[in-house]
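Only the coordinates and a few stated rules stand behind these numbers; no lab work does. Keep in mind it's a predicted model, so treat the numbers as computed, not measured. Neighbour counts are summed over all protein chains in view; Cβ atoms, including those assigned to glycine, are modelled from backbone coordinates with ideal geometry.
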Amino acid sequence: MIYHFTLQSVALVAGILLILLGLPGLLVPEFAQKWAKQLPRSRMAGVVLLTMDLVWSFWLLFTMEMGEFSAFRTPLLIALPIGYVLCLRFVDEFLAVRALGILCLFAAEPLLDAAFFRYETSRLVVTVFAYLLVVAGLLWVTMPYLLRDQIDWAAAPPSAGASCMPQSCFTEQSCWRWPSRNIEFRQSSRGGRVWVTRN
């Protein structure tokens, strides 16, 4: 085991972090909404989050037991800072979202580690949350525009008139309206499903 946290401690820390993340939306919703919309393309947030990823991954490589792969430790420790600099130089599009996705993948490991070989029913809360982080991390790393679309959808007013995609992308094969938010769910001509807000 890489981490040595108890199930109670990781559940407590995860709960406190979720509360802290939700407080701005409750206390200052306008500021939180504006900040959230700027996050996906924020260069500063991308640098901070990617630096956290670098430090975490560097610590893991430096301390973890690698067995027969120990010969790769030094080359990987050298490659990490090089990859960090290259990402800052060439991965400018949605850097914050990709770095946040990597951080979610790192954060899932201590949760699963603490729940391993535990038989309490409460462990399922931590385990499900960890796998949600894994799914979100994979999606945000590979398709970072999804976080931008999720934030835009969550922050859209009930009478928002902007469509998420051009109308030419849709067919009338499937259409469902959500009355409370005046949102349509349509089948894309490309085979996907999208949310579209309309007046």
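Assorted remarks:
- Counted by neighbouring Cβ atoms within 10 Å, the residues 64, 52 run from fewest to most as 64, 52.
- Remark: 126, 134 ranked as 134, 126, counting other beta-carbon atoms within 10 Å and listing the fewest first.
- Under the convention that each Lys and Arg Cβ holds +1 and each Asp and Glu Cβ holds -1, the size of the dipole of segment 7-155 around its Cα centre is about 300 debye.
- Translational D in µm²/s for segment 86-144 (Stokes-Einstein at 20 °C, 1.002 mPa s, Kirkwood Rh from C-alpha pairs): 174
- Given their separation in residues at 0.36 nm each and the Cα-Cα distance between them, residue 69 and residue 31 gain 8.9 nm when the chain is fully extended.
- Fraction of C-alpha pairs exceeding 16 angstrom in segment 43-108: 48 percent, rounded to a whole number.
- For the pair segment 34-57 and segment 77-153, the centres of their Cα atoms are 12 angstrom apart.
- Å³ per residue enclosed by the Cα convex hull of segment 1-151: 121
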